[in-house]
Amino acid sequence: MHKITSILAVAAIALFAASCGGGSNSPAGIEKAIYSQMQKGNYEKAVEILYDNLDNDKTSTAEEKAQSATSFAGKAKQSAEAKGGVKNFEILEETFAEDGASATVKSKIVYGNGSDETQTTKYVKKDGAWKISLAK
């Protein structure tokens, strides 16, 4: 749970964002989808995309998921808005392991107040789909 909070805090600080459109079946596409929603100010949707793409074996009820998403979205919004919101983001690098089972995405988020942050997110391929890894 602490790792999820850390990821969401970073997301809250304007980590994840992008369009929900095509290309979201890749690690970079997932990042873009999350960051795009944050840039639009739609933190609930950004957190929903994040949750839908987590490598998590725990099964949550729809109610538990909705409560967590609402809570994390509020924290993410507060963090990002304290920096002037997500002004822009850029995928700097998408790197795949030789075996094709894992990847990393390095992203840069620029906030409305001019500050920026670089984030690296780890992904694993599970059942043919890319998932955000919570493992260290």
Open item on the list: Tally up the residues in segment 105-136 that are closer than 17 Å to L54 by Cβ and of a type in the set (D, E), please.
Closed with: 1
Open item on the list: Filter segment 18-63 down to the residues that are modelled with pLDDT of 75 or more, assigned to a loop (DSSP other than H, G, I, E, B) and either farther than 17 Å from T121 by Cβ or among the hydrophobic types (A, V, I, L, M, F, W, C) (or both) and list them by number.
Closed with: K40, G41, N42
Open item on the list: Which condition from (1) under 12 Å from the mean Cα position of the chain (by Cα); (2) surrounded by 19 or more Cβ atoms within 10 Å (Cβ to Cβ) is the one that W130 breaks?
Closed with: (1)
Open item on the list: Tell me yes or no: at least one residue of segment 85-102 is part of a loop (DSSP other than H, G, I, E, B), in contact with a Ser or Thr (Cβ under 9 Å, 6 or more places away or on another chain) and at pLDDT below 95.
Closed with: no
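Which count do you get for residues in segment 64-82 that are at pLDDT below 80 and surrounded by 15 or more Cβ atoms within 10 Å (Cβ to Cβ)?
Step one: of segment 64-82, the residues at pLDDT below 80 are 64-69.
This time we only want the ones that are surrounded by 15 or more Cβ atoms within 10 Å (Cβ to Cβ), so: 65, 68-69.
Total satisfying the criteria: 3.
The values are calculated or read from the model by the stated rules, or taken from the named source; none is laboratory data. Source: prediction; values computed, not measured. Because the Cβ atoms are built from the backbone with ideal geometry, glycine has one as well, and the counts that use them run over all protein chains shown.
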